[in-house]
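What follows is a short report on a single structure.
The values are calculated or read from the model by the stated rules, or taken from the named source; none is laboratory data. Predicted model, so just to flag it, every value in this text is computed and none were measured. For neighbour counting, all protein chains shown are included, and Cβ atoms are generated from backbone atoms with ideal geometry for every residue, glycine included.
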Amino acid sequence: MSPGIPRSTAVRIFLSFAGAYFLSYALRSVNAALAPLLASDLNLSAGELGWLSSAYFLAFAMMQLPLGISLDRHGARRTESALLLVAAVGALIVSLGHSLWVLSVGRILIGMGVASCLMAPYAYYRRCFPARRQPQLAMWMLVAGTTGALVATEPALALAEWIGWRSFFLLAAVLLAMAAVAIFLWAGDHDRQPAPSSSGPQATSFISLISHPAMVRVIPTTIFLSGAFGALQSLWAGPWMTEVLLMTPEQAGRTLLVFNAALLVSYVTMSVVSPWLEKRGVSLARQSMVAFLWFTACMLLMILWHTPGSWVLWLVLAPCVPAVILVQTQTALAFPREIAGRILTTFNLVMFTGAFSIQWGIGLLVDLFQSTGIARGHSLMLAFLCLVVMQVFSLLWFFIRRPVVVEKD
């Protein structure tokens, strides 16, 4: 804990940020659960539903670079509380909308508004808490987000069926506004910095950050491992279970729920294990290296062993995911805390670009292989194999690049 922040204040700060990230992750995932209700009520096609979901991610990604500048100039409290009000307006618009374009505007505003819900606390923690606390704080934020993802499945659908999907989004608008107020009142400006001096300017443009050796080393693994996980969790895990493992949609849904629960347990466990390992000389970098190898090995085993019982490999994959994502915290520690906002959002932009490139790329590869007469299930396996090959090359790049010295504080 930072010596300047009392424990009770630190708890309030964390809870306010974690509550907002819970809502953010729930709203990111909820369209999958509510899709039947939206499609039936508004007569939306599959393509229109796809656009409605992707509009969120488009706005989310576009916000990352200006978000980083705002976090460094104005601090997390002011930036996130203001953006959460934008998200609340977006949820209100969705609750009132009767056409695709109105719902799209609302969804875009939600994406813009929640774009800071993980990067703002990460930047705040980077400036206000010591380096040894960063992995634990990062893991507990991901616990909050994964809990939101779990709530956004069957519980969210049950609530929307009970009160109606419009009332559901109206409730979301109220909760987002409450989260904005909580952050504004509880977080404080402990992370705010004085205006930068005109002397000794830092190279903090997007090009300078993306070309920094610490970032260059992790870009491939960020795209093909961290990004791949996002692509699998948000889309391709389901088709793998139905097309390759031949599960029914109901069986696949239950399996995904179990996988997300295992992921939640993994985040909680890693929040304790990671600091323990660091105390015993196992650095964040080494933890991430092991996780990279574990992740790639699990992907390869999924391709080689694809009987119905092989769904357990998704549970085997879950424990390595937190350490894969820890590379973001590790990379941020290689930069001065004064530019934490910009480096974290730059990293996030790379990861989200990777996630959606892989998500789209797997679909294109499946279509390509199917056009040659290969069955859909086997086409998906071949697409996964192409991803594993890229993961191997990204690992080689990571291991041959020289590590960057981490800032100690």
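Screening Ile108 with (1) surrounded by 24 or more Cβ atoms within 10 Å (Cβ to Cβ); (2) part of a helix (DSSP H, G or I) gives one miss only, at (1). When the stretch 240-254 is filtered for residues that are among the acidic types (Asp, Glu) and at pLDDT below 80, only Glu250 remains. Of all residues in the stretch 219-227, one or more are part of a helix (DSSP H, G or I) and modelled with pLDDT under 90.
Looking at Ala203, is it modelled with pLDDT under 85, part of a loop (DSSP other than H, G, I, E, B) and either small (Gly, Ala, Ser) or touching an Asp or Glu at 6+ places or on another chain (Cβ under 7 Å) (or both)?
On the way: modelled with pLDDT under 85: yes; part of a loop (DSSP other than H, G, I, E, B): yes; either small (Gly, Ala, Ser) or touching an Asp or Glu at 6+ places or on another chain (Cβ under 7 Å) (or both): yes.
Yes.
Do we have any residue at all in the stretch 132-148 that's aromatic (Phe, Trp, Tyr), out of contact with any Pro (no Cβ under 8 Å at 6 or more places or on another chain), under 30 Å from Gln251 (Cα atoms) and assigned to a helix (DSSP H, G or I)? The answer is yes, given that some residue of the stretch 132-148 is aromatic (Phe, Trp, Tyr), out of contact with any Pro (no Cβ under 8 Å at 6 or more places or on another chain), under 30 Å from Gln251 (Cα atoms) and assigned to a helix (DSSP H, G or I).
With respect to being at pLDDT 85 or above, in a helix (DSSP H, G or I) and touching a Pro at 6+ places or on another chain (Cβ under 9 Å), Thr269 fits the description. Could you list, in sequence order, all residues of the stretch 216-242 that are farther than 16 Å from Leu313 by Cβ, more than 18 Å from the chain's Cα centre (by Cα) and not β-branched (Val, Ile, Thr)? Across the stretch 216-242, the qualifying residue is only Arg217.
Kindly indicate whether Leu103 is over 23 Å from Gly164 (Cβ atoms), modelled with pLDDT under 95 and in contact with a helix residue (DSSP H, G or I) (Cβ under 6 Å, 6 or more places away or on another chain). Steps first, please.
Details: over 23 Å from Gly164 (Cβ atoms): no; modelled with pLDDT under 95: yes; in contact with a helix residue (DSSP H, G or I) (Cβ under 6 Å, 6 or more places away or on another chain): yes.
It is false that Leu103 is over 23 Å from Gly164 (Cβ atoms), modelled with pLDDT under 95 and in contact with a helix residue (DSSP H, G or I) (Cβ under 6 Å, 6 or more places away or on another chain).
Of the helices (runs of 4 or more DSSP H) that lie entirely inside the stretch 1-93, those containing 2 or more residues that are of a type outside the set (A, V, I, L, M) and farther than 20 Å from Ser116 by Cβ span 7-42, 46-62. Residues being in contact with an Asp or Glu (Cβ under 9 Å, 6 or more places away or on another chain) and within 19 Å of Gly341 (Cα to Cα) are entirely absent from the stretch 159-174.
Take the stretch 227-274 and flag every residue that is of a type in the set (Phe, Trp, Tyr) and over 19 Å from Ala138 (Cβ atoms). Reasoning before the result, please.
Filtering the stretch 227-274 down to residues of a type in the set (Phe, Trp, Tyr) leaves 229, 236, 240, 259, 267.
Trp236, Trp240, Phe259, listed by residue number.
Going residue by residue through the stretch 329-336, is there one that turns out to be free of Cβ contacts under 8 Å to residues at least 60 places away in the same chain, out of contact with any Asp or Glu (no Cβ under 8 Å at 6 or more places or on another chain), closer than 18 Å to Ala131 by Cα and surrounded by 24 or more Cβ atoms within 10 Å (Cβ to Cβ)?
Residues of the stretch 329-336 free of Cβ contacts under 8 Å to residues at least 60 places away in the same chain: none.
No: the stretch 329-336 contains no residue that is free of Cβ contacts under 8 Å to residues at least 60 places away in the same chain, out of contact with any Asp or Glu (no Cβ under 8 Å at 6 or more places or on another chain), closer than 18 Å to Ala131 by Cα and surrounded by 24 or more Cβ atoms within 10 Å (Cβ to Cβ).
Looking only at the stretch 360-372, decide whether some residue is crowded, with 18+ Cβ neighbours inside 10 Å and within 22 Å of Arg28 (Cβ to Cβ). Walk me through how you get there before you give the answer.
Filtering the stretch 360-372 for residues crowded, with 18+ Cβ neighbours inside 10 Å gives 362, 365-366, 369.
With within 22 Å of Arg28 (Cβ to Cβ) added as a condition, the list becomes 362.
The answer is yes; a qualifying residue exists.
Once the stretch 272-300 is narrowed to residues that are of a type in the set (Gly, Ala, Ser) and under 19 Å from the mean Cα position of the chain (by Cα), the residue that is modelled with the highest pLDDT is Ala291.
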